[in-house]
Structures are given as structure tokens and as C-alpha cells.
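Shown next, in C-alpha cells, is the structure this report addresses.
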Ligand code: GLC
Ligand code: CA
């Protein structure tokens, strides 16, 4: 594996709308981010990924871009963005923007022009089909519910949108479209970005000719996955994009990739892969159902462990996964991966260490470093997330009562991660002096950055220690490049693995509230991290406390 500048970094995701509001309009903004760079530097973050802040009607909170060359005024100006890049640089930090190129907004000029002249140049930027009465071009169900086809306004055609109807899919088969995309990427890289997080990218290659698949719900539609399974040849597009853009800048790129085929890992993230890295979604996807959120099965500690190890085994030393506990599309990890009723400071730290020490690049989502939890909702009217609103309908159609459906939504809604960042115990969690666009989680009075920064036992300071350990000159080589080898894989509610490089580290977490004994295979030399003040041991036996996690440096094997 060729060594790269980003291998030893720590990344942090900002959801701009909910991070910090500098001007009291209730919406987080870029000047707000700039004012918090020191906070991030103090934590130890190197790479910052910003969810989209381009001009957008915000139908899908910015993942619907109407101008790729402008910043949405709600988030600030282009000067603010340039200042953010240069302020980050001063702190040795890199900014990644979100690259949303499977689709744009229906308010983008291209789409407007396609409506005016569907047979002209811009019509071919999209997937358009003649409208036939009582029949759709294909029976695909969009990710956000309902058919993936809608009428192209003012014409006798329909257009494809695998996401929301305000997110028309771009036609990657058209070289002219691809040129426009590359031009935009290079324009941003010239501004000094470190790279991109690449949105929903697997969707850019459609199985051609477009056709219907076997319906998988009573609506007669089929999941987009049915089509994706059949699609081949995405590599041609991704290679071209890499060569024309990222590669020239040695940019860091991380793909939001689902549905990749196992034999393709090398192509995606091997040396000279399409991307630097891809996210590991194995844990987040676990228990998912084609029927929808209401049918999802909860994940147990044993499942969680298995998912992590499976993902690691799949990638091996081919490249680096980007490891996450949560992101803006998922519920809070501590609410999801820690058994109900057990969410506490110790268990949050355990989850943090188990995930952070995996091989790959650690990504922290805003508020994760504080142990932020899912937000309570009392009515569907409080929900903003278009995906959650659709899943609510879906659950109701499947026969769930409104209370049951609301319960499903509160477990999975993307709003859980989108509530404002909890900065302090002041009004609105210190996020804004105005009215926050989305309700703050009432637990901000005791879960907030201000309180945690000064508390040496806080989740925040535990993350800070984890980051410091990853960067320590002594252990860095092993933590970044060392192999991962599971230990006691079959033990119930216990997750343990070695990281083996020039040092041998053992990471072990007791994934339950009851104590549990382990017998170490050999003596340890140092305790590098412990989420308790002490360790109960006798010779090689350690009685782990509930949710205790240890990072031990072991004697080297001969
Ligand atoms: C990705 C984004 C998500 C968005 C979707 C459509 O999955 O992470 O937030 O809704 O793509 O752009
Ligand atoms: Ca603002």
C-alpha cells in the first residue's frame, strides 16, 4: 500500500445547518463554523467534511443543488467559504465539500432549460422519457418513496429521480454532462479544498436499457437496488473522474458507496482506486428491510461486532475504510448500538474506543464527541426529514397505528442527528440566539460541550484521548497501519481485537452492563486507555466492569 498524506488523519463531519449559528437566524452557517475551528483543533481533528452548503432550495437539506458554483446565502458567502478554507489551513486542517453529482435540484438552470427544450442540449443532461398515459417508464420506487418518475413541467415527458422529485438524476452517459461535473470539481479544488465526500455515487450508473423489475411491495414498485444489482461499468465513469480531477490534486475522496460488488474493493480503494476511501456502512445497514424502517430488526452487541469484523475482513489491507458511528442520515450511534437503557458515559466511551481503533480512517459526526443521543419526538408534525415522513406513511400503510409508526420514526429519523449541536446549557443549547430551525434535544442542559471540555471524565475528553493516542509518535504506526485481528470472536457481548504493527495492541470492550472475566493470552506492558479509574485483575485474569473498554499494549510475541 502506497502511503498517503491522509492515512493518519482524524476526520469530523459538520452538518452546517445545525452546527453553529453566527447571526441569530436559527440556521447554522459558515462564519459559525469558522468560529468553532479552535474547538475542533483542540479536539484533534484534521479533516473536516461539510455537508452541502451550495445554493439549494433545501428540499433535501442541501443535497439538492441549484448552483454548484455558489454558496447558499443562508450559509454565508463565497468569501466566507474561502476564509474557512484558509483559516483551516492555518491550523493544518483540510476542508472537504460534499460532492452531489448523481442529481441536481429541479431549480438548477440545467433542469429549467431541459423543461424549456427537452429535445435540446440540456434535455440530454437528464433521463427523460415520453409520457404514456397510465404507465410509467419503469416501476422503480424512489428512495424517498413513490415512483421515481415525474412529469417534466411544461412538456409531454417524464424525468427520472431516484431520490426526491426535486432531485432529478443527471445523465452520466452524456459526455457533456461529465465535462461540466469535472469542471466544477477542479474549480473547487483550485480553491484549496482537501477533497470531497462523494454522495450516493453508486447510483450514477444505471442498468441500460432502463426496465422494470419484479415488484417487492404492494405498490407494484421495486427498489432501486434491483436495478443497481444489474448495473455494470460504473468503473469507466469513476476512473475518468479520478484522472480528470482528484488525482491531479492528490485530493482525499471518500465515497458514499452502497451495493458495491465484493470483487470491486480493489478498484474502489486499492492503490490508485477510484476513491481514497469508502465508508463502512455494514453496521448501519444491519437489520434493514426492503419493506421499510418499520420492519427493521434491532442490532445486538454480537451483531455489531460481527458487522465490524466482516467489513474489516472484506477490505483487509487493500485500502482504508472510513469508520463511522453515525452521520447525518443515521440515528445517533449511542442510541442505536448500545442496548436500550444502558446508554451512559461508560458505554458511550466503550463504543467510541471499539470503533475508533478499527483499521481505517475515523470519522466523528458533530456531537458524537459529546455522546449526543436521539431526540424525542411527540408528534409527526415535529419531523422535518423527508425520508422519515415517507417512512411514517409507509408504516401506517402497513397497518401500524400512528403511535407505533411514530415510535419507528423516532428510532430511525435522520432528524436525530440533525438537531442543533449542543454547545452549552444556555438557551437553545448555545446554538443560536434566534429560533433554531429544528428543535434542540432537551438533554442539552446536561449534555453539552461547555460542561464536557472542563470535565476530565467526559465523553469529549475520552475522544480527545483516543485522537491523541492515534497521533502519538510511539503508537501511531500500529494504530494507522497495523493489521486487525479479532480475538474471542465467539464470546457473547465481548468485542476484542488486536492491532498488530511494530507494537501489539489489544482493544477489548465488555459490551454489557454485567461484569465479565477475560484471561489475557499474555501479559500486558501498558494500559493506554481505560474508561474506568482502575482495573480489576489477578495475574492474567481481568474482571471487566460493565461497559469497560481497555486499550492495552501487549508484550511482543516472539
Ligand atoms: C446521500 C446523503 C443523503 C441524501 C441522499 C441524496 O445518501 O447522505 O443525506 O438525502 O444522498 O442526495
Ligand atoms: Ca445563521
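A short reminder: the numbers here are calculations on the coordinates, not readings from a lab. Computed from a predicted structure; not experimentally measured. When we count neighbours, we look across all protein chains shown, and the Cβ atoms used for this are built from the backbone with ideal geometry, even at glycine.
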Checklist outcome for this item: Using alpha carbon centers only, segment 149-204 is separated from segment 205-219 by a whole-angstrom value of 21 Å
Item to check | Euclidean distance of C-alpha centroids, segment 223-278 and segment 441-487, integer Å | outcome: 31 Å
Checklist entry - Roughly what angle does helix 386-397 make with the longest principal axis of the chain, taking Cα atoms, 0 to 90 degrees, to the nearest 10? => result 90 degrees
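Using the Kirkwood formula over every pair of different C-alpha atoms, what hydrodynamic radius in Å results for segment 481-554? Spell out each step's value before the answer.
Details: mean 1/r = 0.0808 Å⁻¹.
When all Cα pairs of segment 481-554 are included, the Kirkwood radius is 12.4 Å.
Quick check: convex hull of the Cα atoms in segment 419-558, volume per residue, rounded to a whole Å³?
Details: hull volume 21.0 nm³, N = 140.
Measuring per residue, one finds 150 Å³ for the Cα hull of segment 419-558.
Given R₀ = 35 Å, FRET efficiency for residue 272-residue 77 by Cβ-Cβ distance, to 0.05?
On the way: r = 37 Å, r/R0 = 1.06.
So the FRET efficiency works out to roughly 0.40.
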Checklist outcome for this item: Cα-based Rg/(2.2 N^0.38 Å) for the chain, rounded to two decimals, is 0.97
Item to check | Binned Cα-Cα distance frequencies in segment 207-327 - 5 Å width, integer % | outcome: 2, 9, 17, 18, 18, 16, 12, 6, 2, 0
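With a 10 Å Cβ neighbour count serving as the proxy for reagent exposure, in which order, fewest first, do 75, 144, 309 appear?
Working: 75 25, 144 22, 309 18.
The most exposed by this proxy come first: 309, 144, 75.
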Checklist entry - Which distance in Å, rounded to a whole number, links the C-alpha centroids of segment 295-347 and segment 414-436? => result 25 Å
Checklist outcome for this item: For segment 365-438, the Cα convex hull volume per residue in Å³ comes to 89 Å³
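Assuming a ≥ b ≥ c are the square roots of the Cα gyration tensor eigenvalues, decide whether segment 142-296 counts as rounded (a/c under 1.5), prolate (otherwise, with a/b larger than b/c) or oblate. Don't skip to the answer; put the middle values down first.
Details: a/c = 2.01, a/b = 1.36, b/c = 1.48.
Verdict is oblate for segment 142-296.
What is segment 415-483 by shape, rounded, prolate or oblate, if you read a ≥ b ≥ c off the alpha carbon gyration tensor as root eigenvalues and call it rounded for a/c under 1.5, prolate for a/b larger than b/c, and oblate otherwise?
Judged from the Cα gyration tensor, segment 415-483 comes out prolate (a/c at least 1.5, a/b above b/c).
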Checklist entry - In degrees, nearest 10, range 0 to 90: what is the angle between the Cα axis of helix 345-356 and the longest Cα principal axis of the chain? => result 70 degrees
